[in-house]
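Enquirer: Next up is a structure, given as structure tokens.
The values are calculated or read from the model by the stated rules, or taken from the named source; none is laboratory data. Just so we're clear, the structure is a prediction, and the values are computed from it rather than from any experiment. FYI the Cβ positions are ideal-geometry reconstructions off the backbone, even for glycines, and counts take in every protein chain you see.
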Amino acid sequence: MGLEQNHGGQYLAFQTYVQSFFTTLKECGIKPYVVVDGGSGTNNNKQETILNRGRDKVRRAHSAAQTGKTEDILPVLSQLVFQQTLIVMAVPLVKCLGEADCELAALASEWRCPVLSKDSDFYIFDLPAGFLPLHHFQWDRANSFIPCKRYTTSRFCSFFNINNQLLPAFASLAGNDYKQHLSNTIKWEYYVPKGRETLEYNLRRLEGLLNLLRPEVTRYALTAPMPNADRTVRLKVCLETLGVNQETLEGVPPHLRLPVAVTCYWLRRAKPDLKLLKALLMADRTVRLKVCLETLGVNQETLEGVPPHLRLPVAVTCYWLRRAKPDLKLLKALLMVMIQGELNRQKGLTTGDWLSSIDLKDTCLHIPNQWPSTG
């Protein structure tokens, strides 16, 4: 930025810098619309990230005070000066109640204009006009136009040969402000393509995860690591994925262990109001069913004729079908697995007896890739 930031107070120089930036945009025929973050929300999902950033700023300030080295520390009131400068320049400015990411993406999609930001979350949004990373936006070299680089999810997915519906899953698995990455338990770098093993660790981990999400690698990952695995091994892998210890499920009937494990995972991630949850558990079965179906957007009439123990899977499938809009081949594959499970239940076979021998076809193998797109 060119400002001496270690001692603060350079608000006039900062204001001049901001004015120069937006004047350059105007000269290039660009009409900016600025959207900034508000509060962090009531669920405190980013509390740890905010605290870590605060600690890092204190560390950098201490380092700057001791060594005199520039540590990129803006004055405390710089955000207020930025907003006041935009108001004086009549630049449209909106401050959101919470984070601005979704509102910005919605506006960009409606107006079909690019988003200029340094927030890496916009690498995941499917923006019609793309995303302009701020560090590639060379406005100080403008001459009737501004040299920059434009990113689009379509080009990204085409390059890495992955389904764009998997980008939210990629972001969650790689790590973000809400969820730290899973490299301590899952070695994504194991899947890095040949010839790319010399990449820096973080890049190797990300590229390995992207490679894993490619259709042909996903098929291998689902079948090759455990082709003849014992049912106990498969259960262990499933529970580790959900973050549930086997000891937690002691005393739970075998056919209820997976639903209980998924419920534990939901409780940990969603952190619902326990008072409401307790009240719901104590409510009449009809009330619980009504709440569940309303949450999934399914009418009770839809489930008439469906056996009671299959109503929840069918309701969830209806929700998935409506939200994800999957290929009908995938829906057929899922229904075939459900029917096979029901037939084996009627024959007295356990899940392990038929799951270990079932021949997973390509369409079935793609099913897990579709579920993340329902969010």
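Enquirer: For the range 304-342, enumerate the residues that are surrounded by 13 or more Cβ atoms within 10 Å (Cβ to Cβ) and of a type in the set (D, E).
Expert: E342
Enquirer: Return the pairs, sorted by first residue and then second, in which the second residue is aromatic (F, W, Y) and part of a loop (DSSP other than H, G, I, E, B), the first residue lies in the range 109-136 and is surrounded by 14 or more Cβ atoms within 10 Å (Cβ to Cβ), the beta carbons are less than 7 Å apart, and the residues are 6+ apart or on different chains.
Expert: Sorted first by the residue in the range 109-136, then by its partner, the pairs are L116/F137.
Enquirer: When only residues in the range 47-87 that are touching a strand residue (DSSP E or B) at 6+ places or on another chain (Cβ under 9 Å) and of a type in the set (A, V, I, L, M) count, which is surrounded by the most Cβ atoms within 10 Å (Cβ to Cβ)?
Expert: Ranking the qualifying residues of the range 47-87, first place goes to L86.
Enquirer: Can I ask one more? For A315, all conditions in the list (1) at pLDDT 75 or above; (2) farther than 15 Å from G297 by Cα hold save one; what is the number of the exception?
Expert: (2)
Enquirer: Which residue out of E197, E247, E207 is modelled with pLDDT of 70 or more, part of a helix (DSSP H, G or I), exposed (fewer than 13 other Cβ atoms within 10 Å of the Cβ) and outside the structural domain of N52 (by TED's automatic domain parsing)?
Expert: Being modelled with pLDDT of 70 or more, part of a helix (DSSP H, G or I), exposed (fewer than 13 other Cβ atoms within 10 Å of the Cβ) and outside the structural domain of N52 (by TED's automatic domain parsing) holds for just one of E197, E247, E207, which is E247.
Enquirer: Regarding the range 14-29, can at least one residue be identified that is at pLDDT below 80, among the aliphatic types (A, V, I, L, M) and in contact with a Ser or Thr (Cβ under 7 Å, 6 or more places away or on another chain)? If you could, list the steps in order and put the result at the bottom.
Expert: Initially, the range 14-29 is screened for residues at pLDDT below 80, giving none.
Taking every residue of the range 14-29 in turn, none turns out to be at pLDDT below 80, among the aliphatic types (A, V, I, L, M) and in contact with a Ser or Thr (Cβ under 7 Å, 6 or more places away or on another chain).
Enquirer: I would also like to ask the following. Name the helices (runs of 4 or more DSSP H) wholly inside the range 44-135 in which the number of residues that are over 30 Å from R150 (Cβ atoms) is 1 or more.
Expert: 47-67, 78-88
Enquirer: Taking the criterion of being under 18 Å from the mean Cα position of the chain (by Cα) and at pLDDT 95 or above, would at least one residue in the range 120-140 satisfy it?
Expert: Yes: one or more hits.
Enquirer: I've got another one for you. Restricted to the range 88-100, and to residues that are out of contact with any strand residue (DSSP E or B) (no Cβ under 9 Å at 6 or more places or on another chain) and in contact (Cβ under 8 Å) with a residue 24 or more places away in the chain, which residue is surrounded by the fewest Cβ atoms within 10 Å (Cβ to Cβ)?
Expert: Selected residue: L97.
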